[in-house]
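Structure first, then comments.
The values are calculated or read from the model by the stated rules, or taken from the named source; none is laboratory data. Owing to the predicted nature of the structure, the values given are computational and were not obtained by experimental measurement. Here the Cβ is made from the backbone with ideal geometry for all residues, glycine too, and neighbour counts use every protein chain on show. All accessible areas refer to the heavy atoms of the entire protein, side chains included, with ligands and DNA or RNA removed. Shrake-Rupley method; radii C 1.70, N 1.55, O 1.52, S 1.80 Å.
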Amino acid sequence: MIRKKSPTFLAGVILTFAIVCITFTFYFWQIFFSPNFALQRQEGYVYIHSGDTFKDVMHTLENEGLLHDKLSFAFISKILGYQEKVKPGRYQINKKENNLTVVRRLRSGEQTPVRIIFNNIRLKEDLAKRLGNNLELSHEEILNKLNDPELTSSMGFDTTTIVSMFIPDTYEMFWTVSAEKLINRMHSEYKRFWNDERLAKAEAIGLSPTEVSILASIVEAETKMNDEKPRVAGVYINRLNKNMLLQADPTVVFATGDFGIKRVYKETTKIDSPYNTYMYPGLPPGPINIPSRTSLDAVLNYEKHNYLYFCAAPDFSGYHVFAKTYNEHLRNARKYSKALNQSNIR
């Protein structure tokens with residue numbers, strides 16, 4: 001005799017099944033859609049290097065302490081096929097994001113660009129390091145490109161003047177950018193800066209864009225006062241037009257390689273270097289720093305005057321005192337020298 005299941009039993013089975021379904025549904029909803037990233041701030045970044053495997057990605061996330069539940073992240077990654085499609089890059093992760101959103105972003109290679117700012121850079125090596133600190137590229141890889149005669153020539157420069165191609169600004173680019181694409185991007189930005197108007201101004205002065213950059217680097221080193229830069233540029237334009245030695249102290253400092261020098265003495269100006277404008281006429285062979293846009297435009301829009309000399313103001317304001325004659329300049333220089341001595345600046 002077969003006994004019929006009681007309604008109570010059937011109801012219990014149905015209820016149990018429903019609970020199991022709800023539980024699993026809730027669990028799967030959680031691992032897909034619940035926040036799973038431990039961030040102190042609202043957003044953070046994960047860096048995945050070229051050649052990294054999914055195991056490396058998990059190692060990075062664990063080392064950075066970014067995951068609440070690593071098993072659920074690995075599970076979603078497997079379901080979405082990310083474990084076999086790891087793409088390098090810099091990826092932003094927001095504090096309240098879930099596994100599904102982040103895995104999809106990583107799988108698609110949807111990088112967040114890095115913002116690169118370079119200013120106050122003196123040497124080509126410094127430029128390479130600044131860029132290398134913000135990109136997957138090593139500074140050695142970047143420096144090798146900047147020292148490649150064939151590459152620099154194709155851009156219209158040589159290995160000495162190539163730094164003038166880098167116009168200081170804030171640039172966005174992917175962390176995984178190649179050295180070639182980086183150089184090409186900077187060349188495009190350079191050509192954008194040197195529009196028809198600026199090219200016409202350079203031609204009117206009788207300087208090439210590279211020569212403007214070299215002179216602007218001297219102006220940049222002479223004064224940090226933007227409103228004074230066109231006047232300083234005017235002094236050097238006047239001296240060039242009169243075939244006078246530029247006698248720019250910053251070029252001598254650059255020639256020595258000792259950037260801690262605070263005073264340039266007569267014996268220092270005797271160093272034999274093509275960058276020593278006390279010894280060699282005209283502009284030095286390359287920029288002594290990467291000049292700012294304000295310094296570049298100061299040269300292109302130099303102040304027209306009759307000054308041939310200037311020295312720092314004795315009040316240490318950062319400004320300079322200008323002179324038309326050498327005797328007037330000597331008087332100004334003596335005042336500044338006296339102020340230095342009184343302040344024990346050697």
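Could you give the nm distance between label points at LYS270 and ILE79, where each point is 7 Å from its Cα heading toward the beta carbon?
About 8.1 nm separates the two model spin labels.
Give me the accessible area per residue for the chain, probe 1.4 Å, as a whole number in Å².
Accessible area per residue: 56 Å².
Which of the listed residues, TYR302, ASN327, GLN42, is farthest toward the dipole's positive end in the chain, when Lys, Arg count +1 and Asp, Glu count -1 at the beta-carbon?
GLN42
Note down the nm distance, to one decimal, between modelled labels 7 Å out along Cα→Cβ at LYS335 and at LYS262.
A separation of 2.2 nm, rounded to one decimal place.
Using a Förster distance of 56 Å, how high is the FRET efficiency between MET225 and HIS68, based on the Cβ-Cβ distance and rounded to 0.05?
0.60
How large, in percent, is the carbon and sulfur part of the accessible surface of the chain at a probe radius of 1.4 Å?
52
Cα gyration tensor of the stretch 229-333, axes a ≥ b ≥ c as square roots of the eigenvalues: rounded (a/c below 1.5), prolate (a/b > b/c) or oblate?
Rounded shape, in that the Cα axes give a/c under 1.5.
Determine by what factor the alpha-carbon radius of gyration of the stretch 31-175 differs from 2.2 N^0.38 Å, reporting the quotient.
1.30
Computed on alpha carbon atoms, what radius of gyration and Dmax characterise the chain, expressed in Å?
Values for the chain (Cα only, Rg and Dmax): 31.5, 130 Å.
DSSP H helices in the chain with Cα extent of 30 Å or more along the helix axis and mean Kyte-Doolittle hydropathy at least 1.6? Can you show the working numbers first?
On the way: long enough: 7-33 (38 Å, 1.82).
The qualifying helices are 7-33.
Taking the stretch 290-337, which trypsin sites (Lys or Arg not before Pro) meet the DSSP loop condition and have no more than 10 other C-beta atoms within 10 Å? Could the numbers behind the result be given before it?
Numbers: sites: ARG293, LYS304, LYS324, ARG331, ARG334, LYS335; in loops: LYS304, LYS324.
For trypsin sites (Lys or Arg not before Pro) across the stretch 290-337 that sit outside H, G, I, E and B with at most 10 neighbouring Cβ atoms in 10 Å, the list reads LYS304.
Are there any chymotrypsin sites (Phe, Trp or Tyr not before Pro) in the stretch 215-294 that are in a DSSP loop and have at most 15 other Cβ atoms within 10 Å? List them by number.
Working: sites: TYR236, PHE254, PHE259, TYR265, TYR275, TYR278; in loops: PHE259, TYR265, TYR275, TYR278.
Listed in order of number, the matching sites are PHE259, TYR265.
Taking a threshold of 22 Å on the Cα-Cα distance, which of the pairs LYS262/LYS338; LYS270/LYS324; LYS55/LYS145; LYS266/LYS338; LYS55/LYS85; LYS201/LYS229 fall above it?
In this structure, LYS270/LYS324; LYS55/LYS145 lie more than 22 Å apart at Cα.
Can you give the net charge of the other residues whose Cβ lies under 15 Å from the Cβ of ARG192, counting K and R as +1 and D and E as -1?
Counting the neighbours of ARG192, the net charge comes to -2.
Cβ under 10 Å from ILE183's Cβ, ILE183 left aside: what net charge do those residues give with Lys, Arg +1 and Asp, Glu -1?
Result for the neighbourhood of ILE183: +1.
Among rounded, prolate and oblate, which fits the stretch 41-82 when a ≥ b ≥ c are the square roots of the eigenvalues of its C-alpha gyration tensor, a/c under 1.5 means rounded, and a/b larger than b/c means prolate?
It comes out oblate by the Cα gyration axes.
Based only on Cα atoms, what Rg/Rh ratio does the stretch 145-248 have, Rh being taken as Kirkwood's radius?
Values: Rg = 15.6 Å, Rh = 15.4 Å.
Rounded to two decimals, Rg/Rh equals 1.01.
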